[in-house]
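Trainee: Structure incoming, see below.
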Amino acid sequence: MRRLTHIFRTFCSLALAGLLAMSLGGCVETVPDELVEAIEGIDRDLVTLRASDISPEAYSKFSREWISLRARIQSEENIVRWPWEENELETDLESLQVEGSQLVADVNTRLQAQRTAAETKLAKVEQRLRLLNTRVGDIGSRVVLGEHPVETELLVRQARLFIEQGQFDHAIQASDRAGKILLTQTALLTNELGRYADDDLIAAWRESAQRTIEWSRTHRAQAIVISKADRVLSLYKNGKKVLTYPIRLGSRGIRAKQHYGDGATPEGEYRIHRKRGSGQTPYFRALILDYPNADDRRRFEEAQQSGLIPKSQHMPGLIQLHGIAQGITDQPYGSILLDNPQIAVLFDQVSVGTPVTIVGALESQNSISLVLADLGDQEEET
């Protein structure tokens, strides 16, 4: 009987020791390493996504909780728990993992929305800039805009770079600045060239051209009408149009001429004052106009008296229709340029005294007014 009791006690001791060893072995790890590593990965992702900028309150809360839990991990490193004991630290870490994962998803969603907004805004600005560059180039009025196109293009490139770097707020700000400059450019064009959409002024130009055509009919002679907006020279004979040639103006040609050196092409009713052939002009052929005439001098004096033109400026002069000369720039600087074969024909067709009327436009729907209308439509859309 004693032997049986001893065997039973020995078995119980061994069983208890085994159970104790199993329990102690299961309590060595306070929290799973993979759980800690997962949260550390979430934290790195949030830093990379700049969550502190995108969702500052939520990220601040996550960071405070993570700092607190890391401190608890260190302090509870050597604590031994029984398997049946509740591990609050592990539970809190699991909750933080869920919270962090949701925050990553939320930040990504916000970033995508910001990217879409930034790309949409920039696309509109780029479209408007392309239109402005194309249409301004069509009417030769880039000089009116000064340095603004360069500044706008730099801002657009900057906005595109910000988008590539994920700095969407900065991209939107750069696009906004570029958009405002585009509005300024449109206002400059409208202020400078709005007269090409002025129905009263266009009617006056049309009357001026009609007087010249009527003179050709009455005197059974040649006369020339030039439209700056449409870049066209028309030759009339006996009141009928006999030929048209495309012309080129200088970079400031579409402006109304005011003073010497402004590069603008004048508008008014003139006559051919002199003809210069081979050896008499640096150009292939040249027809010199009687510019400035009495009306030009009167307008110049009135503009100076009213302060529109500084007293230091001089009365402009020497406006001509000419061809191209080898080695000389084809920039007419206020005059009107034709290709050599065309100036040769025109030179033989006209004589000293032939009327030459230069107008801004003959129709309300001219190239410049259409450009201004297109730019105005784009302005409303953006």
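Trainee: Hey, ARG160 hits all of (1) in contact with a helix residue (DSSP H, G or I) (Cβ under 9 Å, 6 or more places away or on another chain); (2) loosely packed, with under 15 Cβ neighbours inside 10 Å but one; which does it fall short on?
Mentor: With respect to (1) in contact with a helix residue (DSSP H, G or I) (Cβ under 9 Å, 6 or more places away or on another chain); (2) loosely packed, with under 15 Cβ neighbours inside 10 Å, ARG160 is out only on (2).
Trainee: If you don't mind, there's one more thing I want to ask. Which of the residues that make up the stretch 363-378 are assigned to a loop (DSSP other than H, G, I, E, B) and open to solvent by 50 Å² or more (accessible area, probe 1.4 Å)? Before the answer, list the steps.
Mentor: Taking the stretch 363-378 as the starting set, the residues that turn out to be assigned to a loop (DSSP other than H, G, I, E, B) are 363-366.
Of everything in the stretch 363-378, those that are assigned to a loop (DSSP other than H, G, I, E, B) and open to solvent by 50 Å² or more (accessible area, probe 1.4 Å) turn out to be GLU363, GLN365.
Trainee: From the list TYR236, TYR196, TYR245, which residue is in a helix (DSSP H, G or I), aromatic (Phe, Trp, Tyr) and out of contact with any Cys (no Cβ under 8 Å at 6 or more places or on another chain)?
Mentor: On the way: TYR236 fails: in a helix (DSSP H, G or I); TYR245 fails: in a helix (DSSP H, G or I).
Only one candidate passes the filter, namely TYR196.
Trainee: Do we have any residue at all in the stretch 323-332 that's closer than 30 Å to GLY239 by Cβ, charged (D, E, K, R), within 37 Å of the chain's Cα centre (by Cα) and part of a loop (DSSP other than H, G, I, E, B)?
Mentor: First pass over the stretch 323-332, keeping only residues closer than 30 Å to GLY239 by Cβ: 323, 332.
Right, trim to charged (D, E, K, R) and you get none.
No, there is no match, as no residue in the stretch 323-332 is closer than 30 Å to GLY239 by Cβ, charged (D, E, K, R), within 37 Å of the chain's Cα centre (by Cα) and part of a loop (DSSP other than H, G, I, E, B).
Trainee: Ok, one more. Restricting to the stretch 277-314, and then to whatever is open to solvent by less than 70 Å² (accessible area, probe 1.4 Å) and not in a loop (DSSP other than H, G, I, E, B), can you tell me which residue is farthest from ILE358 (Cα to Cα)?
Mentor: Result: GLN304.
Trainee: Let me ask something else. Condition first: touching a Ser or Thr at 6+ places or on another chain (Cβ under 6 Å) and free of Cβ contacts under 8 Å to residues at least 60 places away in the same chain. Now tell me which residues in the stretch 217-267 satisfy that.
Mentor: Matches in the stretch 217-267: VAL232, SER234, TYR236, GLY239, LYS241, THR244.
The values are calculated or read from the model by the stated rules, or taken from the named source; none is laboratory data. Remember, it's a predicted structure, so these values are computed and weren't measured experimentally. Counting neighbours? That spans all protein chains shown, and the Cβs are built from the backbone with ideal geometry, glycine included. The area values use the complete protein model at the heavy-atom level, side chains included, leaving out ligands, DNA and RNA. Shrake-Rupley method; radii C 1.70, N 1.55, O 1.52, S 1.80 Å.
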